[in-house]
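First comes the structure, then the notes that go with it.
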Amino acid sequence: MIYADNAATTKMSKRAIEAMLPYFSEGYGNPSSLHSAGQRAAEALVSARKRIASCLNALPREITFTSGGSEADNQALLSAARLGAKQGKRHIVSTAFEHHAVLHSLKRLEEEGFSVTLLPVPENGILSAQAVEEAIRPNTCLVSVMYANNEIGTIQPIAEIGAICKRKGVLFHTDAVQAVGHLPIDVEAQHIDLLSLSAHKFHGPKGVGALYARKGIPLMPLIEGGAQERGKRAGTENIPAIVGMAAALEETCAGMEERSARLKVLRDRLIDGLREIPHSILNGDREKRLPSNVHFCFEGIEGESLLLLLDDRGICASSGSACTSGSLDPSHVLLAIGRPHEIAHGSLRLSLSEETTEEEVDFIVQSVKEVVAYLRGISPVWRDLANGKKQFILS
Ligand SMILES: *Cc1c(COP(=O)(O)O)cnc(C)c1O
């Protein structure tokens, strides 16, 4: 099997699995218990928090553990909005191509009376910091812009946006779920107030993530109960998962530069190969994209059929977002960068990992070329395009 869907989830690292194992067996104590078994778990929690904070250049008490990226996004947005409302600020700036965890939280806040500006995204998938600055009003309480887009992989100028927010006294949240392990993160240098991450996107376990919140920013608990996580998230901590996340984060950050350089070579080889397919387009900027991400649209085909036929050849890929697959609506990200519906339906995302090889990349290119040609051969839409009855959109 060739796994090229690392933006949906990743295989766990051996080191992370090994780090977790003791906490399922001898180390099963509850960190809130006073006895030695509990204290051993509590120490693991303290250590994991410290190590995760250090990878982000944050303080341990600025890290709150969550059930993943979605929860961290929800908690960040609802907390910043509640704080804003107390100061009479009820306007939020974000973008049209955020993850649904952000977009749906914003929808909820709109229903509660907040006004939200969703910035349009240019065709290259990269927002300008100036557009963010111009959208900020006197009553803006929060700017939320993702670090790297989960579908098209484009990288946003978050340090610049962070500096603008700092100057204007507005909180800045970034969903860094796709960026972790691929791009440098330093919450001080990049002026980030709130940041979401998720372990299963960087070879850690599923169902665990973290929210960084700069000291002094009160987080609103989404789950009420005990005093765990300083009252910011009730419930017995998932110690094995948290320990696994810390191990995976340290590992991924330590190997980042070398891995990124290697991945970029494979990514570019894949892009060059797929660009040979006529009537296709690379989505997102060619350079300012995750070293792992390749995203194309092919005119005259259905993305779903492409995925199923690639799967028959042992290739796991995605049309873009795991969260919207199964629905017939085209991706909001592709619509945001201006792709027409009929083009957005024929999308393919390939996301690589350190295990991807050059042979795999070449096999993927060959397979996509053959499958696209086959699907076009049996498509009535393609026949109309080829006959000149309809105009091609992509050259
Ligand atoms: C995967 C993803 C999330 C959601 O993370 P979960 O841990 O699966 O809840 C949020 N934002 C982005 C950008 C993602 O890629």
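The values are calculated or read from the model by the stated rules, or taken from the named source; none is laboratory data. Keep in mind that what you see is a predicted model, and the values were worked out from it rather than measured. With ideal geometry, Cβ positions are generated from the backbone for all residues, glycine too; neighbour counts draw on all protein chains shown. Side chains included, ligands, DNA and RNA excluded: accessible areas come from the protein's heavy atoms. Shrake-Rupley method; radii C 1.70, N 1.55, O 1.52, S 1.80 Å.
Here are the numbers for the structure shown:
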| item | result |
| --- | --- |
| Checklist (1) surrounded by 15 or more Cβ atoms within 10 Å (Cβ to Cβ); (2) within 16 Å of the ligand (Cβ to nearest atom) applied to K11, failing item | (1) |
| Qualifying residue in region 365-383 (condition: closer than 20 Å to G153 by Cβ and either open to solvent by 60 Å² or more (accessible area, probe 1.4 Å) or more than 16 Å from the ligand (Cβ to nearest atom) (or both)) | yes |
| Positions within region 301-316 being at pLDDT 95 or above and either more than 20 Å from E370 (Cα to Cα) or open to solvent by less than 20 Å² (accessible area, probe 1.4 Å) (or both), in sequence order | L306, L310, I315 |
| Any hit, region 152-173, residues being touching a Ser or Thr at 6+ places or on another chain (Cβ under 6 Å), closer than 30 Å to I337 by Cα and away from the ligand (no atom under 14 Å from the Cβ) | yes |
| Residue match in region 84-98 (condition: within 29 Å of C253 (Cα to Cα) and assigned to a helix (DSSP H, G or I)) | no |
| Residue identified as away from the ligand (no atom under 16 Å from the Cβ), farther than 30 Å from G29 by Cα and outside any strand (DSSP E or B) among E250, E229, E237, E257 | E257 |
| Condition check for F363: part of a loop (DSSP other than H, G, I, E, B) and on the phi < 0 side of the Ramachandran plot | no |
| Residue within region 321-334 that is assigned to a helix (DSSP H, G or I), open to solvent by 10 Å² or more (accessible area, probe 1.4 Å), at pLDDT 95 or above and assigned by TED's automatic domain parsing to the domain that holds P278 present | yes |
| Answer residue from region 18-53, given it is charged (D, E, K, R) and not in a loop (DSSP other than H, G, I, E, B) and is surrounded by the most Cβ atoms within 10 Å (Cβ to Cβ) among those | R49 |
| Checking P218 against (1) within 30 Å of V170 (Cβ to Cβ); (2) surrounded by 15 or more Cβ atoms within 10 Å (Cβ to Cβ), the condition it does not meet | (2) |
| Selected residue [within 16 Å of the ligand (Cβ to nearest atom) and modelled with pLDDT of 95 or more] from G29, G68, G88 | G68 |
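Condition check ((1) under 18 Å from N149 (Cα atoms); (2) outside any loop (DSSP other than H, G, I, E, B); (3) within 16 Å of the ligand (Cβ to nearest atom); (4) not aliphatic (A, V, I, L, M)) across all residues:
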{"position": "D186", "(1), (2), (3), (4)": "no, no, no, yes"}
{"position": "I192", "(1), (2), (3), (4)": "yes, no, yes, no"}
{"position": "M220", "(1), (2), (3), (4)": "no, no, no, no"}
{"position": "I242", "(1), (2), (3), (4)": "no, yes, yes, no"}
{"position": "M245", "(1), (2), (3), (4)": "no, yes, yes, no"}
